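Asker: Quick one: this structure, given as structure tokens, is what I'll be asking you about.
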Amino acid sequence: MSSIQINNVTKRFGDFTAVEDMCLDIEEGEFVALLGPSGCGKTTTMNMIAGLEDVTEGSILFDGQDLSGTKIQDRNIGFVFQNYAIFTHLSVYKNLSYGLEVKKVDKAEIDRRVKAMADRMSISHRLDQPASSLSVNEMQKLAIGRSAIVEPRIFLLDEPLSNLDAGFRAYMRAELKVLQHEFGQTMIYVTHDQIEAMSLADKIAIIDQGKLMQYGSPLEIYNNPANRFVANFVGSPRMNLIDGELREERGTLRLMVHGGAEIPLSGQVRSEFSSDTKVHSGSFGIRPQDIYFGARRAEDDIEMHGTVEVLERVGPKRLVYLQVLETMFLAIDDQDQLNVGDEVPFYMPPAKSLAFDLASGRRLGG
Amino acid sequence: MKVSPGALALKYVFVLLAAAVVLYPLLWMVTMAFKPYPEWTTVSGLTWFPKNPTLQNFEFIFYGEAEGLVVSLDRTIVGPLISSLVTSICGTLLAVVSGTLASYAVVRFGLAQSLPLSVLQLRLFPPLAVMIPVMVMWAFIGAVDTWWGLSLIYGIVTLPFAFWLMKTFFEEVPVEIEDAARVSGCSYWRVFYRITLPIVKPGLATCALFVFILNWSDYLLALLLTQKDWVTLPVYMATLTSAMGGQMYGMKAALGVIAAIPPVVFGLMIQKHLVRGLTFGALKQ
């Protein structure tokens, strides 16, 4: 078990910068998810931690110790690959024992540990079969078992669940969480699926185009996105992000949206938008579940009117697509009170609304 | 899908026809090998099967003379057989080993990216076009009519084939499998011979068989680069004529039968891999 410090790490492939000035502090025993869209540099970051890729600039410390000069085979790292990378020419047993054999562990000890691990991953009945005969689900278990058996100092998982069917994925998600507690190991998990990241990780690092966008606990990231990218990326359904020009008119600050819609800003969000006088165009953000219908609940809640365009049933709730001139707002109707075509007022609490600078994507005021 | 009996019959007719075209000369060769001299030609009327089966032809090429034959040979099959085996096997080893290592370096480490095309150029012109310079070079280094001289040229000529074939096999191996082995504590070299090579074993076997057959059936290179000591089977076969009897068809057929044995045995030995090798793309990842 190790703590990891990533200090100002940059990785370039020729002219292309895959990771730029990345800083992350990962505590011992923590479960950290690297979350971001495809090609954002999260796998590169992981490969640098594992030592599969060299670091161009900066350093990666394990327990305060720089391992960049240590060969990858001596780093003692567990790595689960997206396509599992099972040794298909070997038996399941040999796959599990491989890392131990390389490390020249005593034969009886190997046998004991392989059997225990196969038992733990419930693939004991498959031990003598060729690994190529396993189902995808069993390959996944084998891949995790093979990495865990050597008791690595850290455990890296590269989108391990993305090839699984939905049911098994949910099961594996829970199972991973249990395993992490059992192994008590520092785990780093790469994913583009925010639900996985949210449900598994102690901390999430959100990465876009090689840069760290935000690093914090799932709740922190959800409630307090540091910038427009994070706000847009995290949460399902997605946050409403309405872009427009800021204009002061008749004593009210308004966000003038292309197409004619106007958002009259009030309360906290208004002061956030006006906190930087240099900002002239902004992005207004609110989560669909924070928009409400019916009676106004607070004095300074922002009121708007829209037409219900589409209703989409999602379990007991319905997603509401509200058209305000050319702008679409997404809200949630949990009381089945709306019909398609209704013209309704809706309200947005300023305290739940977020202000971003459109040009830089930076969060304002908050 | 249900196939109609007519379509099925047509399919079998077609398969039988194709098989007949392929097998006809082979069968003719095998039966010819057991025919005595008078039955080789139309003199006594050609038949499919020997009227008086004999081992005379085999006896003749192995001992240089045979009972009932007035002609004799100055050289038996034994020397050329050994020569063919030695040079084909050495040439195959040379091509497969260096082709495998080179293509692995190109595929996995991105080294020498111009190598694939320049190696291909070796195959873009017929070997005959460069044979005169090669003969001069071989003569210069004393490689003419030696086992190593012929093996060397076999290795060189078949290297592009081995290189390109192995390259496609290595490209199929997911890099993560090697990374997984490295993370488990393997050095590069160990990853190569304990993980990657076993995975491409079917491809390796297929490659070796193809290269061996290419070398084994070569006539031109052996004709130009050997004189006496290391004459190979195909060259030897061409010498089987006599001033009195003309072409010695029976002996040639017997020789053909013997020459067919090593590739067939080799093929049977790796048959299991051969199917895998040719359908390597189906490797489960």
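Values in this text are rule-based calculations from the coordinates and carry no lab data. As the structure is a computational prediction, the values presented were derived from the model and not from experiment. Neighbour counts are summed over all protein chains in view; Cβ atoms, including those assigned to glycine, are modelled from backbone coordinates with ideal geometry.
Asker: Using the charge dipole of chain B (Lys, Arg: +1 at Cβ; Asp, Glu: -1 at Cβ; taken about the Cα centre), state which of B:148, B:249, B:103 has its Cα farthest towards the positive end.
Answerer: Positive-most Cα among the choices belongs to B:103.
Asker: While we're looking at this one, here's another question. Using only helices, what value at 222 nm comes out for chain B when you add -39,500 (n - 2.57) per DSSP H run of length 4 or more and divide by the total residues, to the nearest 500 deg cm²/dmol?
Answerer: It lands at -21000 deg cm²/dmol.
Asker: Still on this model: Compute the FRET efficiency between residue A:211 and residue B:187 as 1/(1 + (r/R0)^6), taking r as their Cβ-Cβ distance and R0 = 35 Å, and round to the nearest 0.05.
Answerer: Calculated value: 0.50.
Asker: Treat every Asp and Glu Cβ in the protein assembly as shown as -1 and every Lys and Arg Cβ as +1, leave all other atoms uncharged, and give the resulting dipole magnitude about the Cα centre to the nearest 20 debye.
Answerer: Numbers: 55 positive and 65 negative charges, 491 e Å.
Approximately 2360 debye in magnitude.
Asker: What is the local net charge at residue A:92, summed over the other residues whose Cβ is closer than 9 Å to its Cβ (Lys, Arg +1; Asp, Glu -1)? The partial results should precede the final answer.
Answerer: Details: positive: A:94, A:126; negative: A:128, A:138.
So the environment of residue A:92 carries a net charge of 0.
Asker: If r is the Cβ-Cβ distance from residue B:137 to residue B:98 and R0 is 22 Å, what FRET efficiency results, to the nearest 0.05? Walk me through the numbers before you get to the answer.
Answerer: Numbers: r = 19 Å, r/R0 = 0.86.
E between residue B:137 and residue B:98, to the nearest 0.05, is 0.70.
Asker: Dipole of the range A:240-357, Cα-centred, from +1 at each Lys and Arg C-beta and -1 at each Asp and Glu C-beta, to the nearest 20 debye?
Answerer: Details: 12 positive and 21 negative charges, 41 e Å.
Its charge dipole is roughly 200 debye.
Asker: Whose amide H sits under 5 Å from the amide H of residue A:34, counting only residues 5 or more places off or on another chain, with H placed in the peptide plane?
Answerer: Close amide H contacts, sequence-distant or interchain: A:189, A:190, A:191, A:205.
Asker: What number, rounded to the nearest 500 deg cm²/dmol, is the helix-based mean residue ellipticity at 222 nm of chain A, given -39500 (n - 2.57) per DSSP H run of at least four residues and division by all its residues?
Answerer: Details: 9 runs with 91 residues, N = 366.
Using -39500 (n - 2.57) per qualifying helix, the result is -7500 deg cm²/dmol.
Asker: Going through the cross-link list A:71/A:107; A:42/A:352; B:228/B:252, which pairs have a Cα-Cα distance over 28 Å in this structure? Provide the component values of the computation, followed by the final result.
Answerer: Numbers: A:71/A:107 25 Å; A:42/A:352 30 Å; B:228/B:252 19 Å.
Cα-Cα > 28 Å for A:42/A:352; rest within.
Asker: What does the charge count around residue A:17 come to, taking other residues whose C-beta lies under 15 Å from its C-beta (Lys +1, Arg +1, Asp -1, Glu -1)? Before the final figure, lay out each step's value.
Answerer: Numbers: positive: A:11, A:12, A:42, A:211; negative: A:15, A:20, A:21, A:53, A:54, A:57, A:208.
The answer is -3.
Asker: While we're here: Give the average, rounded to an integer, of partner chain Cβ atoms located within 10 angstrom of each Cβ in A:82-95. List each step's numbers first, then the result.
Answerer: Values: counts 2, 5, 5, 11, 6, 8, 7, 11, 4, 0, 0, 0, 0, 2.
Average neighbour count from other chains, rounded to a whole number: 4.
Asker: Let me ask something else about it. What average number of partner chain Cβ atoms lie no more than 10 Å from the Cβ of the residues making up B:185-195? Present the calculation step by step, with values, prior to reporting the outcome.
Answerer: Values: counts 15, 5, 5, 3, 0, 2, 1, 0, 0, 6, 5.
For peptide B:185-195, the averaged partner shielding equals 4.
Asker: If we sort B:148-156, A:129-137 on the protection proxy, mean other Cβ atoms within 10 Å, highest first, what's the order? Present the calculation step by step, with values, prior to reporting the outcome.
Answerer: Working: B:148-156: 23.0, A:129-137: 16.0.
Descending packing order for the listed peptides: B:148-156, A:129-137.
Asker: With r as the distance between the Cβ atoms of residue B:261 and residue B:72 and R0 = 25 Å, compute the FRET efficiency 1/(1 + (r/R0)^6) and round to 0.05. Working shown, then result.
Answerer: On the way: r = 25 Å, r/R0 = 1.00.
The formula returns an efficiency of 0.50 here.
Asker: Could I ask something else about it? If I model a spin label at residue A:317 and residue A:70 as a point 7 Å from the Cα along the Cα→Cβ vector, what separation in nanometres do I get?
Answerer: Roughly 4.6 nm, to one decimal.
Asker: Hey, another quick one. Run the dipole for the range B:78-282 about the Cα centre, Lys and Arg Cβ at +1, Asp and Glu Cβ at -1, nothing else charged, and hand back the magnitude in debye, nearest 20. Could the numbers behind the result be given before it?
Answerer: Details: 11 positive and 8 negative charges, 50 e Å.
Rounded to the nearest 20 debye, it is 240 debye.
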